[in-house]
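Chemist: Questions regarding the structure given below will be posed in turn.
The values are calculated or read from the model by the stated rules, or taken from the named source; none is laboratory data. Owing to the predicted nature of the structure, the values given are computational and were not obtained by experimental measurement. Cβ: placed from backbone, ideal geometry, glycine included. Neighbour counts: every protein chain shown.
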Amino acid sequence: MIRIKRIVIVLVLFLSFLPAYELQVVYAQDKPILRVGYLPLLPQLPLVVSYENDRRSFEKIEIKLVRYNSFTSLEAALRVQAVDVASIPVPIALCMAADGHKIKIIGTCHMGGSRLVARTKGGLETVKGKLIGVPGLDSNENLRLSQALGAMNLRPGLDYKTIEVSFNSVIEDLKAGKLDGLYLPEPFGTMAEEENTASAVNGQKNQLTGVLGTVLVIRSEILKKGKAGVKEWLNSLVKSCRLIETDVKQSGAKQTAIIQTSYFSLPQKIVADCLVQRKGDLRFDHFLPDLEEIKQYMDLALQMKILNQSVDIDTLVSVELMVKAAKGDGS
């Protein structure tokens, strides 16, 4: 119920400022415009690197980047068609599909990138009795934490608590003692470590890090009417992922750290250190989401009453264009 109320409030705000033309497929000089929503989070780096490097060379599409500050506002933008595509948490994509929104999951551009850090050093068991900040109660992080701690007989709301936090103030909230820990996408774990206010929790590898995070979700209408342009954009996205990986391995992520400043405004050293040290086991070499992993998220979301009904995963996922892009097939 809380989630529904929050989304309704944000939707009302969006609709009050949204011109009628925004609800259509938008064109500029005979090319469709693909409005890409993004957040200033390191797992979303490929979206801005693609835009920075290729926006002037696209022949079949024009890209417009739109920045948001929370997954809630990004979800609302997708719901009211203020953006056409975004990288969002799997549970949010499932909720949108369950609500009847015509969307498709067309791939992913990263694996991992979120970490659990806490003020108290130790393993996962130290989370007992603590308040942990997450991107949202409908986030991958909240569901993953429930799964990992549930295996230790720690129950959400009883043995530990999670709370949705603002990316803008979360580090200050942690420093002020309002939170005991964070399970967020990078760079927030690294920023907390730099402030000496938290350290990485032991024993989270392959449970909370290095797992499927967000997926690329697009409006079905855009995919249907602008397939050639979407294909061109996905080719650029895959190329950008590989450029980031090369930059990390060969140049200490220096070029990527510079590029993000125009879009994320994050300290270059924080970004470079996070990428080179693979914080949260963040990698940009994975393009196809695993269907079984999506189904696991759906089961968890149903159990936690975040999702009110099952979704046909096979119908929701459409990765044909990403398969071609990952293979380098530009045809």
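Chemist: Take residue 196 and tell me if it is over 20 Å from residue 88 (Cβ atoms) and out of contact with any helix residue (DSSP H, G or I) (no Cβ under 8 Å at 6 or more places or on another chain).
Modeler: Considered against the rule, which asks whether it is over 20 Å from residue 88 (Cβ atoms) and out of contact with any helix residue (DSSP H, G or I) (no Cβ under 8 Å at 6 or more places or on another chain), residue 196 comes out as yes.
Chemist: Would you check which residues across the stretch 122-154 are of a type outside the set (D, E, K, R), closer than 15 Å to residue 164 by Cα and in a loop (DSSP other than H, G, I, E, B) and list them?
Modeler: Residues satisfying the conditions are 135, 136, 137, 139.
Chemist: Hey, among 100, 122, which residue is over 22 Å from residue 275 (Cα atoms) and without any contact (Cβ under 8 Å) to a residue 60 or more places away in the chain?
Modeler: 100
Chemist: Regarding residue 238, is this residue farther than 20 Å from residue 109 by Cα, among the β-branched types (Val, Ile, Thr) and within 17 Å of the chain's Cα centre (by Cα)?
Modeler: Judged against the criteria, residue 238 is not a match.
Chemist: Residues to consider are 149, 145; find the one that is touching a Ser or Thr at 6+ places or on another chain (Cβ under 7 Å) and either under 23 Å from residue 303 (Cβ atoms) or crowded, with 16+ Cβ neighbours inside 10 Å (or both).
Modeler: 145
Chemist: When residues of the stretch 63-95 are filtered for being surrounded by fewer than 20 Cβ atoms within 10 Å (Cβ to Cβ), in contact (Cβ under 8 Å) with a residue 60 or more places away in the chain, touching a strand residue (DSSP E or B) at 6+ places or on another chain (Cβ under 8 Å) and closer than 17 Å to residue 221 by Cβ, how many remain?
Modeler: So the count comes out to 1.
Every residue, every condition in (1) touching a Leu at 6+ places or on another chain (Cβ under 8 Å); (2) not assigned by TED's automatic domain parsing to the domain that holds residue 74; (3) not polar (S, T, N, Q), yes or no:
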site: 218; (1), (2), (3): no, no, yes
site: 226; (1), (2), (3): yes, no, yes
site: 233; (1), (2), (3): yes, no, yes
site: 242; (1), (2), (3): no, no, yes
site: 262; (1), (2), (3): no, no, no
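Chemist: Taking residue 229 as the residue in question, decide whether it is small (Gly, Ala, Ser), under 16 Å from the mean Cα position of the chain (by Cα), in a helix (DSSP H, G or I) and buried (at least 20 other Cβ atoms within 10 Å of the Cβ).
Modeler: Taking the combined requirement at face value, the residue does not satisfy it.
Yes/no matrix, rows are residues, columns are (1) at pLDDT 95 or above; (2) closer than 24 Å to residue 282 by Cβ; (3) not aliphatic (A, V, I, L, M):
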position: 1; (1), (2), (3): no, no, no
position: 7; (1), (2), (3): no, no, no
position: 17; (1), (2), (3): no, no, yes
position: 28; (1), (2), (3): no, no, no
position: 35; (1), (2), (3): yes, no, yes
position: 46; (1), (2), (3): yes, yes, yes
position: 77; (1), (2), (3): yes, no, no
